[in-house]
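Beneath this line is the structure, given in structure tokens, with notes to follow.
The values are calculated or read from the model by the stated rules, or taken from the named source; none is laboratory data. Treat the numbers as computed from the prediction; the structure is a model and nothing was measured. Glycine gets a Cβ as well: all are built from the backbone with ideal geometry, and neighbour counts include every protein chain shown.
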Amino acid sequence: MKILVTNDDGYFAEGIAALAKELSKAHEVIVCAPKFNQSCVGHGLTLKVPLTVEDASIEGSDAKVYAIDGTPADCVRFAISMLDIRPDVVVSGINRAGNIGTDVLYSGTVSAAEEAAMLGVRAIAVSKETTSHDFFPDAAAHFAENFGLFLGCLTKEKRLLNVNYPNLPRESYRGIRAAYLAEQVYSGEYKKVELEGGGFGYITPSEKITECSPTDTCDEKYIRDGFITVTPLKYDVTDYEHLARISAYIEKTY
């Protein structure tokens with residue numbers, strides 16, 4: 001199977017290296033990932049600045065690696081359209097920090113998988129809880145060994161799968177759970193900070209101010225309890241229920 005691997009942390013990140021090493025044991029792996037960290041860029045595309053592409057490498061893997069000075073979505077789009085790579089699957093990750101709940105709206109990792117789905121390619125985003133550097137090989141090995149199971153969760157075209165691992169050694173995983181997205185709400189305040197070159201800037205805190213209940217079945221709760229979570233996603237965000245309601249309203253009043 002031909003697998004295109006990408007992420008938003010950059011081609012040099014430990015998560016992408018662990019994933020490429022494990023998947024290349026049984027599959028043909030091509031890596032096309034950002035040259036620089038692109039965390040939290042969402043589904044941005046580079047339109048008015050030329051992209052540059054460099055050959056790169058990942059230690060311990062014989063995968064062909066391309067580093068692109070663009071967004072994760074750029075990487076997927078460029079690989080498929082310009083490098084003539086038509087993969088069977090796109091795997092985006094392993095992200096350093098979980099992509100749970102409504103954080104998927106900001107995630108470059110999830111957006112790369114979303115771009116693949118939009119282009120008609122099966123896609124999975126993979127992330128690991130917390131920003132620590134621990135346990136990437138554990139998550140990568142488990143994901144590669146259960147790759148068929150995760151593919152089996154992709155039951156429709158134009159869909160993607162969001163997978164999150166707890167920040168634990170593999171022997172401590174409690175299982176896999178299908179889960180819906182938790183609501184992640186952050187403080188809207190900005191903190192004034194002094195800049196090195198003089199002057200001031202503003203930075204927003206990343207501390208979440210919401211928490212799911214102990215009896216919930218959302219991804220946040222399962223991750224907290226040591227489970228791997230799987231959430232099916234789609235990029236069509238149309239509110240169909242409201243669409244039907246306002247259609248009837250317009251016909252009646254206009």
Picking from Thr210, Thr215, Thr238, Thr229, which residue would you name as being surrounded by 11 or more Cβ atoms within 10 Å (Cβ to Cβ), β-branched (Val, Ile, Thr) and modelled with pLDDT under 95? Thr210
Close pairs (7 angstrom Cβ cut-off, 6 or more residues apart or separate chains): within 24 Å of Ser107 (Cα to Cα) in region 188-216, β-branched (Val, Ile, Thr) and in a loop (DSSP other than H, G, I, E, B) anywhere: Tyr190/Thr204; Lys208/Val185; Ile209/Val185; Thr210/Val185
If I ask for residues that are of a type in the set (A, V, I, L, M, F, W, C) and under 14 Å from Cys40 (Cβ atoms), which ones from region 59-99 would you list? Ala73, Ala97
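When you look at Gly152, is it more than 14 Å from Val91 (Cβ to Cβ), of a type outside the set (Asp, Glu) and free of Cβ contacts under 8 Å to residues at least 12 places away in the same chain, yes or no? Quick ask: steps written out before the conclusion?
Numbers: more than 14 Å from Val91 (Cβ to Cβ): yes; of a type outside the set (Asp, Glu): yes; free of Cβ contacts under 8 Å to residues at least 12 places away in the same chain: yes.
In short, yes.
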If the requirement is being surrounded by fewer than 23 Cβ atoms within 10 Å (Cβ to Cβ), under 23 Å from Cys32 (Cα atoms) and at pLDDT 95 or above, which of these qualifies: Phe143, Phe147? Phe147
Could you list, in sequence order, all residues of region 33-61 that are under 21 Å from Ala139 (Cβ atoms), out of contact with any Pro (no Cβ under 7 Å at 6 or more places or on another chain) and outside any loop (DSSP other than H, G, I, E, B)? Ala33
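How many residues does region 54-108 hold that are of a type in the set (Ser, Thr, Tyr) and under 15 Å from the mean Cα position of the chain (by Cα)? Reasoning before the result, please.
Within region 54-108, the first condition is being of a type in the set (Ser, Thr, Tyr), and the residues that meet it are 57, 61, 66, 71, 81, 92, 102, 106-107.
If we keep only those that are under 15 Å from the mean Cα position of the chain (by Cα) as well, we get 71, 92, 102, 106-107.
So the count comes out to 5.
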Note on region 139-153: residues within 23 Å of Lys221 (Cα to Cα) and within 16 Å of the chain's Cα centre (by Cα) are Ala139, Ala140, Phe143, Phe150
Can you tell me how many residues within region 67-101 are farther than 27 Å from Asp138 by Cβ and either of a type outside the set (D, E, K, R) or crowded, with 21+ Cβ neighbours inside 10 Å (or both)? 13
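If only one of Leu51, Leu45 is without any contact (Cβ under 8 Å) to a residue 60 or more places away in the chain, over 21 Å from Ala97 (Cβ atoms) and within 17 Å of the chain's Cα centre (by Cα), which one is it?
Numbers: Leu51 fails: within 17 Å of the chain's Cα centre (by Cα).
On inspection, the qualifying residue turns out to be Leu45.
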Considering region 170-227 alone, what residues qualify as being farther than 17 Å from Thr102 by Cα and of a type in the set (A, V, I, L, M)? Ile176, Val193, Leu195, Ile203
Output the number of the condition that Pro169 fails; it satisfies all remaining conditions of (1) on the phi > 0 side of the Ramachandran plot; (2) in contact with a helix residue (DSSP H, G or I) (Cβ under 6 Å, 6 or more places away or on another chain); (3) free of Cβ contacts under 8 Å to residues at least 40 places away in the same chain. (1)
Being free of Cβ contacts under 8 Å to residues at least 60 places away in the same chain, aliphatic (A, V, I, L, M) and in contact with a Gly (Cβ under 8 Å, 6 or more places away or on another chain) narrows it down to one residue among Ala20, Ala56, Ala73; which is it? Ala73
Which number in (1) outside any helix (DSSP H, G or I); (2) touching a strand residue (DSSP E or B) at 6+ places or on another chain (Cβ under 8 Å); (3) of a type outside the set (A, V, I, L, M, F, W, C) marks the one condition that Asp74 misses? (1)
How many residues are β-branched (Val, Ile, Thr) and within 19 Å of Ala20 (Cα to Cα) when one looks only at region 89-119? 6
When region 150-193 is checked residue by residue, the ones that are more than 23 Å from Tyr235 (Cα to Cα), modelled with pLDDT under 95, in contact with a strand residue (DSSP E or B) (Cβ under 8 Å, 6 or more places away or on another chain) and part of a loop (DSSP other than H, G, I, E, B) are Tyr190
Are any residues in region 81-106 within 20 Å of Leu151 (Cα to Cα) and not in a loop (DSSP other than H, G, I, E, B), and if so, which ones? Val89, Val90, Val91, Ser92, Gly93, Ile94, Asn95, Val104
